[in-house]
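Derivation of every value follows stated rules applied to the coordinates shown; laboratory data play no part. All values reported here derive from a predicted model rather than from experimental measurement. Here Cβ is always computed from backbone atoms with ideal geometry, including for glycine, and neighbour counts include all displayed protein chains.
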Amino acid sequence: MGNSMSSPPRTSAALSELAHRHLWMHFSRLGSYGNDAPVHVIARGEGSYLWDAEGHRLLDGLSGLFTVQVGHGRADLAEAARVQAETLEYFPIWTYAHPPAIELAARLASLAPGDLNRVFFTTGGSEAVESAWKLARQYFRAMGQGQRHKVIARRTAYHGTTLGALAITGIPALRTPFEPLTPGAVHVANTNRRRHAFQDDEKAFMLAVTDEIEERILFEGPETVAAVFLEPVQNAGGCLVPPDGYFARVREICDRYGVLLVSDEVICAFGRLGTMFGCERYHYLPDIITCAKGITSGYSPLGAVICRDFLAEPFLEHRASFAHGITFGGHPVSCAVALANLDVFEREHVLDNVCAHETGFRTRLEELRDLAIVGEVRGAGFFQALEMVPDQASAARFTAEQREELLRGFLLPRFYEAGLIARADDRGDPVVQLAPPLIAGDDELDEIATILRAVLTEATARFCT
Ligand code: PLP
């Protein structure tokens, strides 16, 4: 059932039917698609907007998947890919090196804080997380501390799907089907303060959640713990921001026990929080940053593990090497696109745009709190969530059945019809998440707020008590 470039393009219905038959979509309930529930086919993008194969326009309130920082349909990034593909389409960075990977590693080192100077490239986020864990293990082995292999992460946090990264992920529904997972990953409290006993006391809350990290290190035996993996703002659970002082104290705890601090910035790097790296927003220096997604704005796949100098030291010994590599890690086309993407960040002052609009974005979302279904608004930069509750005035929660009906039965289709891609997620409490392209301005933010108000007003009438 091939279709050559010279054949007329398939209709939306034909594409949907083919997808239904052949395409194994990720994290998708394949059985829920059919004649009366077509696969929506996203065909084209420009700036903050997408068009589906039927010509329906959508505001991309999720930047693809927290990825398309500088907007869709850019000729400059496409051109960077074309030029690199014509010059050197592929060569590995095993034993040899090529200019785009070298230039990008140096550029990332110059942008990253402190002595985060050494870059190991991957093709995406899960591989970056997995590589960071492996690096931590081999590093400690080389340092004569081979018992250090465990990692600590937070409940509900998503760190990827490969078996190692999945062990770090703290979401039971994603882990259970694949057990037993890579041993050695354990989980502690996240920073969701709503309904926490200390929700009204920032300092007590911060101490409680960081104490748990220290207690866990002690319980496991510090000599067995390699690293703590944390996102600057935790995505799953709905944009969970750290309380004041959180990362300073985590840094202190990690230093006390010789444990590495890994900042998983697969979402939070490259401007999502208004800073180039998420750790800069919260003023901490991690030992490793894992990143992917926005590094190329999604124009080509790439991930990176950015390490402090000391981590490379044992690997600089004659004949030593990190026993790890990936064929397409640091692909020349992806690295060239990443360099062009970082040029756009500079030329178009992308970080300034996020900083200039963050308050306005947040205010527009806070205004929706006059609707009973909006329990809390939280997040940072262009990364915000609205928690969905049956009654804003109480601590009540929707049941699993109600969440299903609200998120997947009602909100997602209504947002789509109204022309908005947003995330409706209940890996923790149910949330609607918004993460527009970092080039979005007042017009796009107004449109997001208008659509949210219309759809959530209807949802309040249908789902709130
Ligand atoms: N880590 C974090 C914090 C993520 O948000 C994600 C993906 O969303 C990953 C890791 C995995 O990245 P990928 O899907 O590129 O493998």
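Quick one, could you list the DSSP H helices from the chain stretching 24 Å or more along their long axis (Cα atoms) with average Kyte-Doolittle hydropathy of 1.6 or above? Write out the running numbers ahead of the final one.
On the way: long enough: 125-142 (25 Å, -0.53); 202-220 (27 Å, 0.09); 442-463 (30 Å, 0.11).
Qualifying helices: none.
Kindly identify the range 162-305 as rounded, prolate or oblate by the Cα gyration tensor criterion: order the square roots of the eigenvalues as a ≥ b ≥ c, call it rounded if a/c is under 1.5, otherwise compare a/b with b/c, prolate if a/b is larger, else oblate. Could you put the intermediate results ahead of the total?
Values: a/c = 1.41, a/b = 1.13, b/c = 1.25.
Rounded, because the longest to shortest axis ratio a/c is under 1.5.
Can you put 203, 293, 150, 134 in order, fewest other beta carbons within 10 Å first? Can you show the working numbers first?
Values: 203 11, 293 27, 150 23, 134 16.
Final ranking by Cβ density, sparse to dense: 203, 134, 150, 293.
From the phi angles alone, apply the Karplus equation (6.51, -1.76, 1.60; θ = phi - 60°) to the range 156-168 and give each ³J(HN,Hα) in whole Hz, x where the residue is Gly or Pro.
6, 6, 9, 10, x, 10, 5, 4, x, 4, 5, 5, 6
Check which residues have an amide H placed less than 5 Å from residue 260's amide H, if you skip close sequence neighbours.
Those lying under 5 Å, H to H, from residue 260 are 227, 228.
Can you list the lysines whose alpha carbon is less than 29 Å from that of residue 203, not counting same-chain residues fewer than 8 positions off?
Residue 203 reaches 150.
So if I take the centroid of the Cα atoms in the range 168-194 and the same for the range 328-398, what is the distance between those two points in Å?
24
Can you list the residues, at least 5 places off or on another chain, whose amide H is less than 5 Å from the amide H of residue 185, using H built in the peptide plane?
151
Please list 3J(HN,Hα) in residue order for the range 392-400, calculated via the Karplus relation 6.51 cos²θ - 1.76 cosθ + 1.60 where θ = phi - 60°; whole Hz, with x for glycine and proline.
With coefficients 6.51, -1.76 and 1.60, one gets 3, 7, 10, 8, 4, 10, 5, 6, 4 Hz.
Restricting to bridges with both residues inside the chain, how much of the DSSP beta-bridge set is antiparallel, in percent to the nearest 5?
Working: 33 of 49 bridges.
Looking only at bridges with both residues in the chain, the antiparallel portion is about 65 percent.
By DSSP, what percent of the beta bridges with both residues in the range 76-347 are antiparallel, rounded to the nearest 5?
On the way: 11 of 25 bridges.
Just about 45 percent of them are antiparallel.
If amide hydrogens are placed 1.01 Å from N in the peptide plane, which non-local residues have theirs closer than 5 Å to the one on residue 159?
Correct list: 169, 170.
So what's the back-of-envelope 222 nm ellipticity for the chain, counting only DSSP H runs of four-plus at -39500 (n - 2.57) apiece and dividing by all residues, rounded to 500?
Working: 16 runs with 174 residues, N = 465.
One gets -11500 deg cm²/dmol as the mean residue ellipticity at 222 nm.
Given 0.36 nm per residue, what is the gain on full extension from residue 346 to residue 28 after removing their alpha carbon distance, in nm?
Working: separation 318, 0.36 × 318 = 114.48 nm, distance 3.67 nm.
110.8 nm is the gain from fully extending residue 346 to residue 28.
Using a/c under 1.5 as the rounded threshold, could you call the range 320-410 rounded, prolate or oblate? The axes a ≥ b ≥ c are square roots of the C-alpha gyration tensor eigenvalues, and prolate needs a/b larger than b/c, oblate otherwise.
Details: a/c = 3.43, a/b = 1.72, b/c = 1.99.
Oblate is the answer for the range 320-410, as a/c is 1.5 or above yet b/c matches or exceeds a/b.
At 10 °C and 1.306 mPa s, grab the translational diffusion coefficient of the range 76-347 from Stokes-Einstein with a Kirkwood Rh over Cα pairs, rounded to a whole number in µm² per second.
Working: Rh = 19.0 Å.
Estimated via Stokes-Einstein, D reaches 84 µm²/s.
Using only the Cα atoms of the chain, build the gyration tensor, take square roots of its eigenvalues as a ≥ b ≥ c, and label the shape rounded, prolate or oblate: rounded if a/c is under 1.5, else prolate if a/b is larger than b/c, else oblate. The partial results should precede the final answer.
Working: a/c = 1.62, a/b = 1.14, b/c = 1.42.
Because a/c hits 1.5 or more and a/b fails to exceed b/c, the chain counts as oblate.
May I ask for the distance between the Cα centers of the range 42-97 and the range 100-118, given as a whole number of Å?
Here the two parts' Cα centres lie 22 Å apart.
Gain in length, residue 204 to residue 42, computed as 0.36 nm per residue apart minus the alpha-carbon separation, to one decimal in nm? List each step's numbers first, then the result.
Values: separation 162, 0.36 × 162 = 58.32 nm, distance 4.63 nm.
Result: 53.7 nm gained on full extension.
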